[in-house]
């Protein structure tokens, strides 16, 4: 009897340790330092004006580490708050040959468990309201608002190639993510 089950490759992004690991196809295992949220992952050769307008100083703040922190801009399109870490859950990885901003990258499509944060401290899923457009992409002057930005560009390109060539489904699990509990839960935790 033939086995028609689709092959599945698994990657794991541990947000707390900023580590992307896993195996895709016949490639040697991946173990990449990678950044997510708060402008982390920006290029180091930016001008002081770029650093200021992209709020690179927020990379060291608590809000930049929270999956519940949304990207906020003022009426003129200037950053007020950079988006936090990629929300936890599972994502399907899809190779993109030429994205208009990120060029060659991997698009991350959320599974149902990544639509909200499922916390043992909350009786209800916690909406993160972070949108749908997350990717694994290269470093740029802006940095990350939740996308994953590997520190090594050659390793990122190797991952792109592996996802592109894999004859099955590549799933990314995002774990060890910090988040803020909704204010309405205050006083209800025992």
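Contact annotation: residue pairs with Cβ atoms under 9 Å, 6 or more positions apart or on different chains, pairing a residue in region 114-139 that is at positive phi with a partner that is in a loop (DSSP other than H, G, I, E, B) and modelled with pLDDT of 85 or more, are 129/68; 129/70; 131/70; 131/71; 131/83; 131/146. Residue check, residue 117 against (1) under 21 Å from residue 71 (Cα atoms); (2) at pLDDT 95 or above, all met but one. Which one? Condition not satisfied by residue 117: (2).
Of everything in region 94-120 that is under 14 Å from the mean Cα position of the chain (by Cα) and within 30 Å of residue 182 (Cβ to Cβ), the residue that is surrounded by the most Cβ atoms within 10 Å (Cβ to Cβ) is 114. Of all residues assigned to region 56-73, none qualifies as being more than 23 Å from residue 40 (Cα to Cα) and either in a loop (DSSP other than H, G, I, E, B) or over 17 Å from the mean Cα position of the chain (by Cα) (or both). Screening 154, 123 for residues that are loosely packed, with under 13 Cβ neighbours inside 10 Å and part of a loop (DSSP other than H, G, I, E, B) leaves exactly one candidate, 123.
Taken over region 126-149, the residue count meeting the criterion of being over 20 Å from residue 40 (Cα atoms) and outside any loop (DSSP other than H, G, I, E, B) is 2.
Among the conditions (1) free of Cβ contacts under 8 Å to residues at least 12 places away in the same chain; (2) within 14 Å of the chain's Cα centre (by Cα), the only one that residue 156 does not satisfy is (1).
Would you confirm, using the coordinates I've provided, whether residue 89 is under 26 Å from residue 7 (Cβ atoms) and either without any contact (Cβ under 8 Å) to a residue 24 or more places away in the chain or in contact with a helix residue (DSSP H, G or I) (Cβ under 7 Å, 6 or more places away or on another chain) (or both)? Yes.
Filtered by the rule that a residue be surrounded by fewer than 19 Cβ atoms within 10 Å (Cβ to Cβ) and either in contact with a helix residue (DSSP H, G or I) (Cβ under 7 Å, 6 or more places away or on another chain) or at positive phi (or both), region 24-55 gives 25, 27.
The values are calculated or read from the model by the stated rules, or taken from the named source; none is laboratory data. What you see is a predicted model; the values in this text were computed from it and never measured. No Cβ is skipped: glycine too gets one built from the backbone with ideal geometry, and neighbour counts run over all protein chains shown.
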